[in-house]
């Protein structure tokens with residue numbers, strides 16, 4: 001992956017009188033966090049490969065307000081939301097895809113009452129559509145064929161929005177062995193990052209949540225821990241490192257798994 | 001009308017009257033909360049009530065306690081048939097008023113109640129063992145000492161008494177019926193254990209035992225009924241309305257605060273006059289607090305949740321913070337809310353409705369440490385068999401801390417500042433947002 005990727009922005013498209021069908025909402029983690037940027041690139045590779053009509057907001061994007069809202073700062077959340085909604089409505093955005101379940105939840109559920117109603121999907125749902133419609137093929141699963149993969153349900157995708165199947169359906173296309181953790185789907189254990197915990201030290205306890213969750217994952221003896229959230233990815237990556245297993249276990253986002261399997 | 005009927009009617013008035021009085025008190029307490037709209041979607045609400053409350057759907061996420069609970073639940077539901085007859089007999093002085101008319105159906109109904117009662121008896125013993133002998137963590141936590149522990153056990157003892165009285169009544173009656181030469185009633189259990197326990201006793205003794213069973217049962221019913229309002233066991237009634245009024249929207253959707261929305265809209269309105277006097281119609285209303293400091297800032301649904309909670313602890317045992325040794329326990333949030341609500345209600349009754357005891361839910365009952373330990377993962381909400389939502393209380397407490405007291409862990413204050421200044425929770429320049437697309441790595 002040495003070549004630069006072509007990423008259209010809404011601004012450029014609008015300036016040339018064009019528009020995009022889907023806005024790819026990158027989110028703060030996907031924009032700034034070094035690990036999450038790789039997930040963003042994988043999503044873009046998939047979008048480019050499938051010739052999806054999409055664009056990003058680029059430097060016009062700003063925090064969805066999710067962490068402020070979960071931390072109780074409703075003022076800040078609504079300030080962010082109003083700004084974003086003005087921008088999104090200005091570009092007449094109809095459909096949004098995002099690789100961050102927190103942005104996904106906020107945009108989908110909390111923006112409508114503030115004047116921003118869009119069809120919001122998680123990238124797992126978009127990839128599922130692309131595979132089902134034949135635009136994206138992952139024949140044989142590439143390097144993941146026969147590997148043991150376990151999927152960690154992000155709380156804001158699963159319990160918060162009842163999306164459990166899309167990521168699993170994608171993973172099932174990899175010809176890999178999908179193994180479930182003892183706590184999965186509605187019973188999935190949080191990675192410890194939600195509710196603005198990502199941005200603070202945990203309260204005093206006897207264990208970190210991500211260690212507890214990584215133990216669940218390790219019990220399945222996986223080759224890959226698949227995630228669908230940049231924050232879960234960080235937490236699980238750290239958890240795997242804590243057990244000195246980073247040499248044998250990869251922690252990858254579903255978009256990365258698909259992009260690598262499809263040899264993009 | 002004999003002394004028996006008069007006593008029964010007096011007892012009924014007393015029992016039902018006291019219960020009604022306490023229900024009114026609880027209803028008033030629930031109305032201490034602010035309004036929240038849970039109207040509409042009747043179809044979906046009925047369906048949820050049918051599945052979750054009547055159908056116990058969410059209980060079965062943990063099959064063993066669910067099965068045991070189902071036995072007691074089914075016995076409770078069907079025993080109401082026998083209770084109707086007890087009322088009919090009690091008021092009119094008849095004996096088994098429905099037997100003649102219902103015939104075989106009667107025998108079947110009583111037999112069903114008896115079989116369920118035996119199952120409930122076994123389940124009750126199992127529950128007692130779970131609470132007292134097996135070291136199940138969620139029953140031995142710090143919030144489950146003292147009254148909550150005693151409450152849990154008392155309920156089970158009451159149930160054992162209720163069941164024993166039923167079998168005294170039916171068992172002795174079976175033997176009397178046989179001694180009268182009318183043959184057996186044919187009740188599934190008491191026709192078998194009646195003769196074993198009471199066979200060969202004199203008619204007087206049998207009558208006495210039957211009467212002790214009958215009166216004992218109905219007295220226990222009234223005792224239990226009036227125990228409910230001071231006990232976690234009130235869930236047997238409130239579970240149904242609580243599930244009916246549950247949140248039907250996606251669990252990830254938090255409420256958008258209307259009071260904040262007005263302010264933010266004003267800030268975004270270029271034609272708004274910042275020095276304008278408030279609209280005259282709004283002037284009477286006292287400014288409401290942002291978020292919740294005390295139970296009066298919570299919604300009536302939060303308060304209904306608190307009275308509905310039966311302290312099973314599934315929420316706490318599924319909470320990631322609690323599992324990793326943090327102070328937070330969603331069950332304790334609900335218990336604290338209920339206890340504080342009882343206290344506020346008591347104070348208001350005693351000292352007038354404007355009384356302020358200087359205490360509050362946040363601080364005196366729930367600590368900031370608990371509030372900040374939550375990951376908002378919704379495991380507690382998902383887990384609750386009666387759709388209680390501890391998370392919405394936690395978030396409202398956070399809202400109060402942040403927006404009224406500017407009290408948040410310092411890292412979160414930094415996060416807020418970053419979002420305000422550069423539109424991201426970390427300190428990155430907004431102009432670098434698209435760098436990922438051009439960076440080589």
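A short reminder: the numbers here are calculations on the coordinates, not readings from a lab. The model shown is predicted, which means the values in this text are computed figures rather than measured ones.
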query: Roughly speaking, what is the centre-to-centre gap between the stretch A:216-232 and the stretch B:293-360 when only Cα atoms are used, to the nearest Å?
result: 36 Å
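Rounded, prolate or oblate: which fits chain A when a ≥ b ≥ c are the square roots of the eigenvalues of the alpha-carbon gyration tensor, with rounded for a/c under 1.5 and prolate only if a/b beats b/c? Kindly include the intermediate steps, with their values, before the conclusion.
Working: a/c = 1.91, a/b = 1.21, b/c = 1.58.
Here chain A falls in the oblate category.
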Three-way shape call for the stretch A:1-85 based on the alpha-carbon gyration tensor, with the a/c threshold at 1.5: oblate
- prompt: How big is chain B by the Kirkwood estimate over distinct Cα pairs, in Å?
  reply: 25.6 Å
field: Inter-part distance where the stretch A:99-135 and the stretch A:33-69 are each reduced to a Cα centre, Å
entry: 12 Å
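If you restrict to DSSP beta bridges whose two residues both lie in the protein assembly as shown, what percentage is antiparallel, to the nearest 5?
Once the DSSP bridges in the protein assembly as shown are tallied, antiparallel ones form about 0 percent.
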statement: Connecting every pair of Cα atoms under 10 Å apart in chain B and solving the GNM, the largest mean-square fluctuation among B:272, B:97, B:172 falls on B:272
query: Pairing the Cα long axis of helix B:63-92 with the longest principal axis of chain B, what angle in degrees results, from 0 to 90 and rounded to the nearest 10?
result: 50 degrees
- prompt: What is the helix-to-structure angle for B:330-351, meaning the angle in degrees between its Cα long axis and the longest Cα principal axis of chain B, kept from 0 to 90 and rounded to the nearest 10?
  reply: 80 degrees
query: Taking only Cα atoms, what is the 0 to 90° angle, nearest 10, from helix B:235-244's long axis to the longest principal axis of chain B?
result: 50 degrees
task: Quick one: among A:202, A:42, A:55, which has the greatest mean-square fluctuation in a GNM of chain A with alpha-carbon springs under 10 angstrom?
output: A:202
Rounded, prolate or oblate (a/c below 1.5 giving rounded, otherwise prolate when a/b exceeds b/c) for the stretch A:81-221 by Cα gyration tensor: oblate
statement: Mean-square fluctuation maximum in Gaussian network of chain B, Cα pairs under 10 Å, restricted to B:168, B:144, B:267, hits B:267
